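Asker: One structure is given below, represented as structure tokens, and several questions about it will come after.
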Amino acid sequence: MSDGVYVGNAGRDAALDRGWLLGHFKDAGDPRHSEAVEIKWGVHPRGDERSQWVQGEERTALLVLVSGRFRVELPGRSVVLEEQGDYVVWGRGVDHSWFAEEESVVLTVRWPSVPGYAVADEGQAAARSRAPTTASAAAPPPP
């Protein structure tokens, strides 16, 4: 990594940091460190879901379906990504959650990369929540 180049495999590298490949949470000397953007390779088994709605979002997000069938819950609507390449974009202040209707792989790009977002046990919630809760949370990588 001393030459400013990193070569990896999204599937293997994602397992090291809850799916996150690039963002503020990588070491400053790592080419994957970025204050501008975060990128996640999300592999979700059927039935996997976000444990809490994200509320008070400060970032813009792009979520692209690589494979599977994946539902993004937004205020007043659900967006189902079912064909490879389907995507959804939302901006600051848009609350959201998600649910893997089938085993799915999704690529998420968020900007800017904002420290301080964390969910103790992201995804894999036992009970599915279809509405925002009063608790604030977001899907971040660990610091």
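Asker: By per-residue mean of other Cβ atoms within 10 Å, what is the highest-first order of 66-78, 4-16? Mind showing how you got there, number by number?
Answerer: Values: 66-78: 15.4, 4-16: 11.4.
So the peptides 66-78, 4-16, ranked by packing, come out 66-78, 4-16.
Asker: Okay, next question. Considering just Cα atoms, how many Å³ per residue does the convex hull of the range 25-113 enclose?
Answerer: It is 99 Å³ per residue.
Asker: Could you calculate the contour length gain from residue 67 to residue 35, that is, 0.36 nm times the residue separation minus the distance between their Cα atoms, to one decimal place in nm?
Answerer: Details: separation 32, 0.36 × 32 = 11.52 nm, distance 2.83 nm.
Result for the pair: 8.7 nm of gain on full extension.
Asker: Which whole-number value in Å² is the accessible area per residue of the range 1-65, probe 1.4 Å? Working shown, then result.
Answerer: Details: 3230 Å² over 65 residues.
Result: 50 Å² per residue.
Asker: Residues with amide H under 5 Å of residue 98's amide H, sequence separation 5 or more or different chain, H placed in the peptide plane at 1.01 Å from N; which?
Answerer: 50, 73
Asker: May I ask you to order 108-114, 29-35, 48-54 by the average number of other C-beta atoms within 10 Å around their residues, highest value first?
Answerer: Ranked by mean Cβ neighbours within 10 Å, highest first: 48-54, 108-114, 29-35.
Asker: Still on this structure, I have one more. Which FRET efficiency value, to the nearest 0.05, is calculated for residue 7 and residue 78 with the Förster distance at 30 angstrom and r the Cβ-Cβ distance? Don't skip to the end; give the middle numbers.
Answerer: Numbers: r = 37 Å, r/R0 = 1.25.
With R0 = 30 Å, the Cβ-Cβ based efficiency is 0.20.
The values are calculated or read from the model by the stated rules, or taken from the named source; none is laboratory data. Only a predicted model underlies this, so the values are computations on that prediction, with no experimental measurement involved. For neighbour counting, all protein chains shown are included, and Cβ atoms are generated from backbone atoms with ideal geometry for every residue, glycine included. Calculation scope for accessible area: heavy atoms of the full protein, side chains included, ligands and nucleic acids excluded. Shrake-Rupley method; radii C 1.70, N 1.55, O 1.52, S 1.80 Å.
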